[in-house]
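Enquirer: Questions regarding the structure given below will be posed in turn.
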Amino acid sequence: MGAGGGGRGMNGAAASAARYAEAFARREPALPGHDLAWLRDVRRAAADAFSRSGFPTPRNEHWKYTNVAPIEKRAFDLDGAGAAPRAAPGNGASGTLPGGNGTSGAFLDGGGAPRLVIVDGRLDPGLSNLEALPPGVTVEDFPRALERDAAFFESLLARIVRPEKTAFAALNTAFMDTGAVVRAAPGAVADAPVHLVFVSGAEGRERAYSPRIVIAAGAGARIAVVEHFLGLDGAVYLDNVVTEIDVAEDAAVEHYKVQQAGAAAYHVAALEARLARGASFHSWAVSLGGRLSRHDIDVTLDHEHARCSLDGLYMANGRQHTDFHTNVEHVAPHCASHEYYKGIAGGRGRGVFNGRVHVHPHAQKTEAHQTNRNLLLSRNAEIDTKPQLEIHADDVKCSHGATIGQLDEQMLFYLRARGIAESAARGMLTYGFARDVVERIARPGLRGPIGAAVLGHLPGGGDLREILQ
Amino acid sequence: MLEIRDLRVAVDGKDILTGLDLRVAPGEVHAIMGPNGSGKSTLAHVLAGRDGYEVTGGEILFEGRPLLDLAPEERACAGLFLAFQYPVEIPGVNNTYFLKAAVNAIRKHRGEPELDAMDFLALVREKLAVLHMDESLLKRGVNVGFSGGEKKRNEIFQLAIMEPRLAILDETDSGLDIDALKDVAKGVNALRSPERAIILVTHYQRLLDHIVPDRVHVLSGGRIATSGGQDLALELESRGYEWVREAAAGA
Ligand SMILES: Nc1ncnc2c1ncn2[C@@H]1O[C@H](COP(=O)(O)OP(=O)(O)O)[C@@H](O)[C@H]1O
Ligand SMILES: [Mg+2]
């Protein structure tokens with residue numbers, strides 16, 4: 001895809017690409033794993049791929065409704081965390097995060113769940129706590145993991161999320177310098193979810209962050225990981241995240257994504273899971289923050305009896321724009337996928353959902369179900385939904401349904417006729433719409449704080465705390 | 001308590017009520033009967049403040065204040081309650097949460113302290129018992145998966161909890177078996193008091209055996225065509241509504 005179009009001049013696109021290329025050349029000698037030949041090749045190929053493609057334009061079918069020109073135009077600081085220790089706001093024993101969302105504490109304070117906290121691209125040992133990890137489970141920050149066991153990455157890194165997949169994945173692969181690696185040995189079972197907390201924008205520079213997250217579950221292992229992105233509300237920055245998930249035979253991975261980027265931030269995240277025979281993967285994602293956010297979630301089912309469920313909730317208020325693209329490749333027979341996504345847009349908010357399910361010719365006995373329901377809270381809000389089913393096998397059970405609606409006037413009247421003020425009634429019905437997605441969170445301990453975060457993003461939701469009970 | 005003067009209401013440009021007068025004093029129970037489509041629910045909805053009805057004339061005073069200027073929630077807080085003919089299901093909004101929010105909204109309006117969890121639970125248990133309702137219904141979404149009878153009981157359960165000044169029951173009796181009808185009547189009769197008034201909208205005389213009204217009105221041709229006592233309901237039962245219509249047309 002060439003640059004240009006969408007109101008952007010060739011010069012702007014070329015200048016932007018040159019800036020990224022120059023930053024890459026400058027930083028390459030010091031990027032994590034720079035002494036590994038294979039990784040150097042991977043990074044260079046990715047940087048070249050980005051140079052060729054530039055940022056996508058709306059002429060690219062996958063980016064039709066999401067114009068990333070504002071990201072291209074920003075001259076984000078690409079210099080990374082640097083070598084000097086971070087000037088530490090709120091560092092150390094206090095256990096609270098600097099600024100940002102008031103809900104952050106809810107996730108971290110309770111229960112002493114294992115957590116890795118990365119502030120502005122740098123591991124914060126004071127806020128992290130990995131003491132409670134069960135045997136066989138390791139959690140490290142990305143640069144350290146690469147240093148300690150490079151061999152582990154060679155067959156995995158950039159193999160699940162291919163850099164050429166999107167310009168953002170290429171950019172992340174070229175620059176990846178922070179992130180987290182969660183590994184579970186065969187048979188390891190972690191009862192408590194591992195929290196990966198990323199706080200962006202604390203530093204004041206308008207940075208582009210390139211965190212890489214790798215989750216690998218050995219045969220029969222069972223783990224849950226929470227990716228929680230927070231940011232300072234005034235800060236302009238870009239989170240460009242790539243998550244690669246490898247689920248071995250009969251293993252089960254639950255992945256929770258909580259996107260609470262700062263109100264002025266850009267958040268782009270690509271996640272892909274590779275499933276072996278009998279493996280299962282559950283993705284649960286909520287997009288709440290950010291000026292513009294985009295999630296790509298891809299699952300390839302190329303071994304029999306693998307199954308995935310993908311659930312998500314996206315909310316866009318004010319002038320927020322949020323986009324979910326899911327893609328499930330049913331390659332092998334006897335696999336199942338279930339998708340359940342809901343979207344809420346108010347103000348001038350804009351939501352996009354694109355759910356592709358591709359059933360390959362040999363994927364008989366496939367079960368693939370997709371539901372996408374959307375709620376518009378205002379006249380100026382907009383949601384585009386596009387289920388995309390491509391079915392090339394005949395002995396399959398597939399279904400899909402997409403709806404866009406408004407709050408039901410009869411329900412609203414019923415609540416008001418019982419004395420409940422209109423704004424509160426609207427809030428109740430809106431949370432009522434989102435509730436079943438929150439209830440799909442398999443971990444009761446996560447349901448409460450995530451439900452509270454969702455409620456916190458609803459217009460007037462702050463007055464409805466008790467609805468969570 | 002309630003005074004309706006020359007009320008005229010149109011829906012989609014069609015005149016439904018064409019000059020309805022009604023006075024209800026505290027302590028009274030009035031029954032409004034009438035054939036299907038005569039405008040009984042229209043009247044009930046206009047009283048409760050539902051959108052979609054065009055009031056083209058007349059006025060309504062509730063405790064001396066003009067009712068039509070108030071939002072539905074303000075009417076509820078002022079003490080008006082409508083038991084719906086067709087209660088809507090509200091998935092995702094828990095019944096207990098909803099009830100507590102409603103009770104406390106009204107208490108707050110009255111300047112009373114909010115009920116705490118214990119007092120609320122005690123109140124709820126007491127009223128559930130009167131209506132023979134299972135506590136498990138409270139854990140569901142509002143009316144979600146309730147049978148027709150359970151929905152009607154739930155309306156009267158809410159009525160019992162809210163203790164309004166004026167209750168309007170829109171065909172609460174239709175579709176109920178005799179046991180449910182008795183429970184509903186018990187719930188309503190328990191509320192009868194010198195300060196409260198009740199309007200029973202019904203199609204059948206049956207309910208009036210259990211909740212004996214002070215006045216019976218027949219709604220026909222967009223207005224109260226005739227009024228009387230309990231014996232009027234019995235006469236309607238034997239002679240049908242056609243008789244009223246003819247009498248009204250002939251008058
Ligand atoms: N929302 C509406 N839209 C159009 N017509 C309506 C609506 N509500 C009521 N009507 C009409 O108004 C008339 C009275 O209806 P209703 O008040 O429901 O009567 P009842 O309750 O006595 O059976 C009927 O002719 C009905 O078709
Ligand atoms: Mg009716």
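Enquirer: Using a 1.4 Å probe over the heavy atoms of the protein chains, calculate the carbon and sulfur portion of the accessible area of segment B:194-238 as a whole percent.
Expert: Values: 850 of 1880 Å².
Percent of accessible area from carbon and sulfur atoms in segment B:194-238: 45.
Enquirer: Mind checking the dipole of segment A:408-469: about its Cα centre, +1 per Lys or Arg Cβ, -1 per Asp or Glu Cβ, Debye to the nearest 20? Write down the numbers at each step before the final one.
Expert: Values: 8 positive and 7 negative charges, 44 e Å.
In total the dipole reaches around 220 debye.
Enquirer: Now for a different question. Quick check: net charge around B:T56, other residues with Cβ under 15 Å of its Cβ, Lys/Arg +1 and Asp/Glu -1? Could you put the intermediate results ahead of the total?
Expert: On the way: positive: B:R5, B:R8, B:K14, B:R223; negative: B:D6, B:D12, B:D15, B:E54, B:E59.
It works out to a net charge of -1.
Enquirer: Which of the listed residues, A:G405, A:A81, A:V242, is farthest toward the dipole's positive end in the protein assembly as shown, when Lys, Arg count +1 and Asp, Glu count -1 at the beta-carbon?
Expert: About the Cα centre, the residue reaching furthest to the positive side is A:A81.
Enquirer: Further, regarding this structure: Quickly work out the B:D69-to-B:Y204 label distance, labels modelled 7 Å from Cα along the C-beta direction, and quote it in nm with one decimal.
Expert: Once both label points are built, they end up 4.3 nm from each other.
Enquirer: Now, a different point. Give the lysines reachable from A:K165 as a straight Cα distance under 17 Å; neighbours fewer than 8 places away on the same chain don't count.
Expert: Of all the lysines, those that pass the test against A:K165 - Cα under 17 Å, at least 8 places apart if same chain - are A:K64.
Enquirer: Sticking with this structure for a sec: With the cut-off at 1.5 for a/c, could you classify chain A from its C-alpha gyration tensor as rounded, prolate or oblate? Don't skip to the end; give the middle numbers.
Expert: Working: a/c = 1.25, a/b = 1.18, b/c = 1.06.
Cα axes put chain A in the rounded bin.
Enquirer: Quick check for me: using +1 on Lys/Arg Cβ and -1 on Asp/Glu Cβ, what's the dipole size of chain B about its Cα centre, in debye to the nearest 20? Walk me through the numbers before you get to the answer.
Expert: Working: 29 positive and 38 negative charges, 41 e Å.
I would put it at about 200 debye.
Enquirer: Please report how far the C-alpha centroid of segment B:15-37 lies from that of segment A:159-182, rounded to the nearest whole angstrom.
Expert: 71
Enquirer: Further question on the same structure: Work out the mean other chain Cβ neighbour count within 10 Å for the residues of B:82-94 and drop it here as an integer.
Expert: Values: counts 4, 1, 4, 0, 1, 2, 8, 4, 10, 7, 14, 11, 7.
Mean partner-chain Cβ count within 10 Å for B:82-94: 6.
Enquirer: If you don't mind, another one. With the solvent-accessible surface defined on protein heavy atoms using a 1.4 Å probe, which residues belonging to segment A:421-469 display a reduction of at least 30 Å² in accessible area in the multichain context relative to the isolated chain?
Expert: Residues passing the criterion (a loss of at least 30 Å², heavy atoms only) are A:M428, A:G432, A:R435, A:E466, A:I467.
Enquirer: Enumerate the lysines that B:K139 could reach by cross-link, defined here as Cα to Cα under 26 Å, with residues fewer than 8 away along the same chain left out.
Expert: The qualifying lysines are A:K342, B:K100, B:K108, B:K127, B:K151, B:K152, B:K182, B:K186.
Enquirer: Can you give the accessible area of B:K151, probe radius 1.4 Å, in Å² rounded to 10?
Expert: Approximately 40 Å² of B:K151 is accessible to the 1.4 Å probe.
Enquirer: Oh, and also: Below 9 angstrom from the Cβ of B:M133, what's the summed charge of the other residues (Lys, Arg +1; Asp, Glu -1)?
Expert: -2
Enquirer: May I pose another question? Can you compute the label reach from B:I178? Point 7 Å from Cα along the Cβ direction, backbone N cut-off under 14 Å, restricted to segment B:198-221.
Expert: B:206-207, B:209-210
Enquirer: Sticking with this structure for a sec: Mind giving me the FRET efficiency for A:S423 and B:E3? R0 is 41 Å, r the Cβ-Cβ distance, nearest 0.05 is fine.
Expert: Numbers: r = 31 Å, r/R0 = 0.76.
The computed FRET efficiency comes out at 0.85.
Enquirer: Tally Lys/Arg at +1 and Asp/Glu at -1 over every other residue whose Cβ is under 9 Å from the Cβ of B:S41; what's the total? Walk me through the numbers on the way to the answer.
Expert: Details: positive: B:K40; negative: B:D170, B:E171.
Surrounding charge for B:S41 is -1.
Enquirer: So who's got an amide H within less than 5 Å of the one on A:N327, skipping anything under 5 residues away but keeping other chains? H placed 1.01 Å off N, in plane.
Expert: A:I297, A:D298, A:V299, A:R356
Enquirer: Under the Karplus relation 6.51 cos²θ - 1.76 cosθ + 1.60, θ = phi - 60°, what is the ordered set of whole-Hz ³J(HN,Hα) values for segment A:376-393, x standing for Gly and Pro?
Expert: 9, 9, 8, 5, 8, 7, 8, 9, 10, 10, 9, x, 9, 9, 10, 10, 10, 10
Enquirer: Placing +1 at every Lys and Arg Cβ and -1 at every Asp and Glu Cβ, with all other atoms neutral, what dipole size does segment B:146-251 have around its Cα centre, in debye to the nearest 20? Before the final figure, lay out the partial values.
Expert: Numbers: 13 positive and 17 negative charges, 52 e Å.
Value, rounded to 20: 260 debye.
Enquirer: What is the distance in Å between the Cα centres of segment B:91-118 and segment B:165-197?
Expert: 22
Enquirer: Please compute the contact order of segment A:408-469 in relative form: average sequence separation of alpha-carbon pairs under 8 Å and at least six residues apart, divided by the residue count, as a percent. Provide the component values of the computation, followed by the final result.
Expert: On the way: 38 pairs, mean separation 20.4, N = 62.
Normalised by residue count, the contact order of segment A:408-469 is 33 percent.
Enquirer: Can you compute 3J(HN,Hα) from phi for each residue in segment A:202-207, using the Karplus curve 6.51 cos²θ - 1.76 cosθ + 1.60 with θ = phi - 60°, rounded to whole Hz and x for Gly and Pro?
Expert: So the Karplus estimates, Gly and Pro as x, are 6, 8, x, 5, 7, 8 Hz.
Enquirer: Further question: Read phi for every residue in segment A:122-130 and hand back ³J(HN,Hα) as whole Hz from Karplus 6.51 cos²θ - 1.76 cosθ + 1.60, θ = phi - 60°, with x for Gly and Pro.
Expert: Residue by residue, segment A:122-130 yields 10, 4, 10, x, x, 8, 7, 8, 10 Hz.
Enquirer: Relative to the longest principal axis of the C-alpha atoms of chain B, give the angle of the C-alpha long axis of helix B:95-109, reported between 0 and 90° and rounded to the nearest 10°.
Expert: Approximately 70 degrees, to the nearest ten.
Enquirer: If you don't mind, there's one more thing I want to ask. Please list, in chain and number order, the residues 5+ apart from A:I118 or on another chain whose amide H is under 5 Å from its amide H, with Hs placed from the backbone.
Expert: When sequence neighbours closer than 5 places are left aside, the close amide H contacts are A:D124, A:V197, A:F198, A:V199.
Enquirer: Sticking with this one: With a 1.4 Å probe and every protein chain left in place, tell me how much accessible area B:K139 has, in Å² to the nearest 10.
Expert: The accessible area of B:K139 comes to roughly 150 Å².
Enquirer: To continue, here is another question. Loop-only trypsin sites (Lys or Arg not before Pro) in segment A:293-352, please: DSSP not H, G, I, E or B, and at most 15 other Cβ atoms within 10 Å. Can you show the working numbers first?
Expert: On the way: sites: A:R294, A:R307, A:R319, A:K342, A:R348, A:R350; in loops: A:R319, A:R348.
When the trypsin sites (Lys or Arg not before Pro) of segment A:293-352 are filtered for loop state and at most 15 Cβ neighbours within 10 Å, A:R319 remain.
Enquirer: Does anyone have the angle between helix B:178-191 and the longest principal axis of chain B? Alpha-carbon axes, 0 to 90°, nearest 10?
Expert: So the inclination is approximately 80 degrees.
Enquirer: Find the centroid of the Cα atoms in segment A:194-209 and in segment A:255-331, then give the distance between the two in whole Å.
Expert: Between the Cα centre of segment A:194-209 and that of segment A:255-331, the gap is 19 Å.
Enquirer: Right, here's the next one. Please report the buried accessible area for the interface of A with B, total over both chains, probe 1.4 Å, in Å² to the nearest 100.
Expert: Numbers: alone 18370 and 11700 Å², together 27890 Å².
Result for this pair: about 2200 Å² buried.
Enquirer: Per residue, how many Å² of accessible area does chain B show with a 1.4 Å probe? Each step should come with its number before you reach the end.
Expert: Working: 10640 Å² over 251 residues.
Per-residue value: 42 Å².
Enquirer: Which percent of the accessible heavy-atom area of chain A goes to carbon and sulfur, probe 1.4 angstrom? Before the final figure, lay out each step's value.
Expert: Working: 8600 of 17250 Å².
Carbon and sulfur: 50 percent of the exposed surface of chain A.
Enquirer: Also, quick follow-up: Positive end of the charge dipole of the protein assembly as shown (Lys, Arg +1 and Asp, Glu -1 on Cβ, about the Cα centre): tell me which of B:P194, A:G419, A:F229 has its Cα farthest that way.
Expert: The listed residue farthest towards the positive side: A:F229.
The values are calculated or read from the model by the stated rules, or taken from the named source; none is laboratory data. Just so it is clear, the structure is predicted and the values come from calculations on it, not from any experiment. With ideal geometry, Cβ positions are generated from the backbone for all residues, glycine too; neighbour counts draw on all protein chains shown. Note: areas computed on protein heavy atoms with side chains; ligands, DNA, RNA excluded. Shrake-Rupley method; radii C 1.70, N 1.55, O 1.52, S 1.80 Å.
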